Amino acid sequence: AQSVTQPDIHITVSEGASLELRCNYSYGATPYLFWYVQSPGQGLQLLLKYFSGDTLVQGIKGFEAEFKRSQSSFNLRKPSVHWSDAAEYFCAVDPYSSASKIIFGSGTRLSIRP
Amino acid sequence: GAVVSQHPSWVICKSGTSVKIECRSLDFQATTMFWYRQFPKQSLMLMATSNEGSKATYEQGVEKDKFLINHASLTLSTLTVTSAHPEDSSFYICSARGTSGGAWQFFGPGTRLTVL
């Protein structure tokens, strides 16, 4: 079945440490891929997207993500997290088929340890 | 950049009443709009897709008679929650795709609905 999976429900990292949030997808062809961040009670903010081309994508706030076709993954990384990065992170896909629409993963809650 | 607004940003209503939420694309024409629902500490679940001038397509398990969607113009879609009950309390987020197509969906800020 087509799906997008975020295996980590909650991750805690120390401020200044590196971060990697995992995302895997299961679609017949490579979909369009996105990472969004949501602070409590707020709307979504697009961090970055991958449509095609360079598999390492740079986003806002120092985030980057790498598309790996062989692993059907699109993991989000940041070399050094800040306390303000604490939020909910959603990986999302758009299959870009005839019924093109963005489908969200279950989300990963990021906590920052002082 | 493309901006999508929602109104109201939050609403409280009594059980049994109907609530209308507006979604507007402010600086572009949206041929397709999407409505998502997000329960506390959960992900966004797509409720329906609407194309301007045609009936909305609802996802499996979403009651079309309860969640009425109207996409009467290229800049406005409305979601009406009919006979709302406490279990309908949620965060409702719309998004819009422009006439240029592609995978560009722009999200609104969301509407918090609380049904007493």
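Structure notes:
- Sequence-separation-based contact order of chain A, relative, with Cα cut under 8 Å and 6+ spacing, percent: 36
- Using a Gaussian network model of chain B in which every pair of alpha carbons under 10 angstrom is joined by a spring, one finds that among B:GLY61, B:GLY53, B:GLY16 the greatest mean-square fluctuation is at B:GLY61.
- Sequentially through the range B:19-34, phi angles give Karplus couplings (6.51, -1.76, 1.60; θ = phi - 60°) of 10, 10, 10, 9, 10, 10, 8, 7, 10, 7, 9, 9, 6, 10, 10, 10 Hz, Gly and Pro residues having no value and appearing as x.
- Scaled against 2.2 N^0.38 Å for its residue count N, the alpha carbon radius of gyration of the range A:53-101 is 1.36.
- Pairs exceeding a 23 Å alpha-carbon distance, out of B:LYS14/B:LYS66; B:LYS20/B:LYS55; B:LYS14/B:LYS55; A:LYS101/B:LYS14; A:LYS49/B:LYS20; A:LYS49/B:LYS55: B:LYS14/B:LYS55; A:LYS101/B:LYS14; A:LYS49/B:LYS20; A:LYS49/B:LYS55.
- Within the shell of other residues whose beta carbon sits under 10 angstrom from the beta carbon of B:LEU79, the net charge comes to +1, with Lys and Arg scored +1 and Asp and Glu -1.
- For the protein assembly as shown, cysteines whose Cβ has no other cysteine Cβ within reach (under 4.7 Å): B:CYS13
- Expressed in Å, the radius of gyration and Dmax of the Cα atoms of the range A:4-113 are 13.4, 44.
- Here's how it looks for B:ILE21: its modeled amide H is under 5 Å from those of B:LEU79, B:THR80, B:VAL81, which are all 5 or more places away or on a different chain.
A short reminder: the numbers here are calculations on the coordinates, not readings from a lab. From a predicted model like this one, the values you see are computed outputs, not experimental measurements. Glycine gets a Cβ as well: all are built from the backbone with ideal geometry, and neighbour counts include every protein chain shown.
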